[in-house]
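Notes for the one structure printed next.
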Amino acid sequence: MGLIELRGPIWFYKLDTLIQFFGAIVALLISYYTYKAYKLSSKKSHLYFSIAFALLGLNLLIYSIVLPAWMVVYAGSGFIVDIFSLPVLLLASKILNILYVFSYLFAYSLLIFVYSKIERKSMMAIVAFLTLVVSVYSSIIYSSYSTQIFMAFNIISLVLLSLIVFFTYDNYTLKKNKSSLLVLSAFILIAASHLLMVFESLSNAFFLSAHIAQLLGYISLLIVTRA
């Protein structure tokens, strides 16, 4: 399959689907409120922040829809396979995994642009192209190097988020208010989610804890954007 896959017992991915769906709603709300802020201020940073969380939210929404579909397929039901042949399902899986990797990595790159105050469109276009190349390549070789690709994706995400944590920590030391602390805490939690994912092969608890940490991070950001 790819990065979007079933892990653990049935109750586990039922719970995971709910967490991802709720996370998608929170991320899309963050995108909505920051877009409203962009319309009022015309600041490009608000627009890029909105696009980043729109990508993350849509990604999580796809995840929460695809996961139950794979549950049906793996449970042995012929319903989905009868409508879509297995080769079509595998192709769809590859496409979804390309979108999954691209959305996450490009969203994090956009957030780095926001906090580093880089607004050059040419730079963003280059990063978008490189991210797409990485996403396509990782999907092509995933079946042969699944563990390595999964680890690499989360390590790269962790590195990108570490830069964001650095910028938000710097911002917190300057402002030292509740909002800047919530933003810092949010990105620490999101970074922690990818760190926990690195160890998910050791226990399902790491996988579930990672998604909970991610959700809590999104909720912290939502509180800030609604304030």
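The values are calculated or read from the model by the stated rules, or taken from the named source; none is laboratory data. Note that the structure is predicted; figures quoted are calculated from it, not measured. Here the Cβ positions follow ideal geometry from the backbone for every residue, glycine too, while neighbour counts run over all protein chains shown.
Numbers below:
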read-out: Cβ pairs under 6 Å, 6+ apart, first in segment 207-227 and in contact (Cβ under 8 Å) with a residue 60 or more places away in the chain, second part of a helix (DSSP H, G or I) and of a type in the set (Asp, Glu); value: none
read-out: Of the criteria (1) out of contact with any Asp or Glu (no Cβ under 6 Å at 6 or more places or on another chain); (2) more than 19 Å from Ala24 (Cα to Cα), which one Phe187 fails; value: (2)
read-out: Qualifying residue in segment 125-133 (condition: of a type in the set (Phe, Trp, Tyr), in contact with a Ser or Thr (Cβ under 9 Å, 6 or more places away or on another chain), part of a helix (DSSP H, G or I) and on the phi < 0 side of the Ramachandran plot); value: no
read-out: Flag for Gln148 being farther than 19 Å from Phe113 by Cα, touching a residue at least 40 places away in the same chain (Cβ under 8 Å) and not acidic (Asp, Glu); value: no
read-out: Where a residue in segment 121-138 is under 17 Å from Ala52 (Cβ atoms) and modelled with pLDDT of 75 or more and its partner, wherever it lies, is aromatic (Phe, Trp, Tyr) and in a helix (DSSP H, G or I), with Cβ under 6 Å and at least six apart; value: Ala128/Phe106; Thr131/Phe102; Thr131/Phe106; Leu132/Phe102; Ser135/Phe102
